[in-house]
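The values are calculated or read from the model by the stated rules, or taken from the named source; none is laboratory data. Just so you know, these numbers come straight off a predicted model, no measurement behind them. All Cβ positions, even for glycine, are placed from backbone atoms using ideal geometry, and neighbour counts span all protein chains on display.
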Amino acid sequence: MSEAKISGQNTFKKIIEDLRSLYLGDSRPWVVGFSGGKDSTLVAVLVFEAVLSIPAENRTKEINVVCTDICVNLCPSVVKALRASVVKICQLKPVTSGSFPQDVFPS
């Protein structure tokens, strides 16, 4: 395995450890911005990896994932992909605490 790959894996592990520590450090809710782009997707994945690695009985913090379509920048295919991603996030409700929107893209 290359040194760069090992370094990258260690970086992700460290970020997840830091997120776990922040999550358990207080009871303030989190808001995660999600656009469906590569940066916000990575942040969302890291947050969920960190939270899901915490025992279920300790998952007490509310986490809100916010995605806004202002009908200017997003083409229909991106909106479709975002809807699919948000549906998958909402399906995590049984294994995480916090509130998840039921109608995330009103007609």
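Residue by residue through the range 17-67, note down the ones that are touching a Lys or Arg at 6+ places or on another chain (Cβ under 8 Å) and assigned to a loop (DSSP other than H, G, I, E, B).
S27, R28, P29, S53, I54, K61
Pick out the one residue from I16, I54 that is surrounded by 16 or more Cβ atoms within 10 Å (Cβ to Cβ) and farther than 30 Å from V78 by Cβ.
Within the list I16, I54, the selection yields I54.
Among the numbered criteria (1) modelled with pLDDT of 65 or more; (2) in a helix (DSSP H, G or I), which one does P94 miss?
(1)
Tell me, yes or no, whether the range 50-70 has at least one residue that is in contact with a strand residue (DSSP E or B) (Cβ under 8 Å, 6 or more places away or on another chain), modelled with pLDDT under 75 and within 22 Å of D18 (Cβ to Cβ).
no
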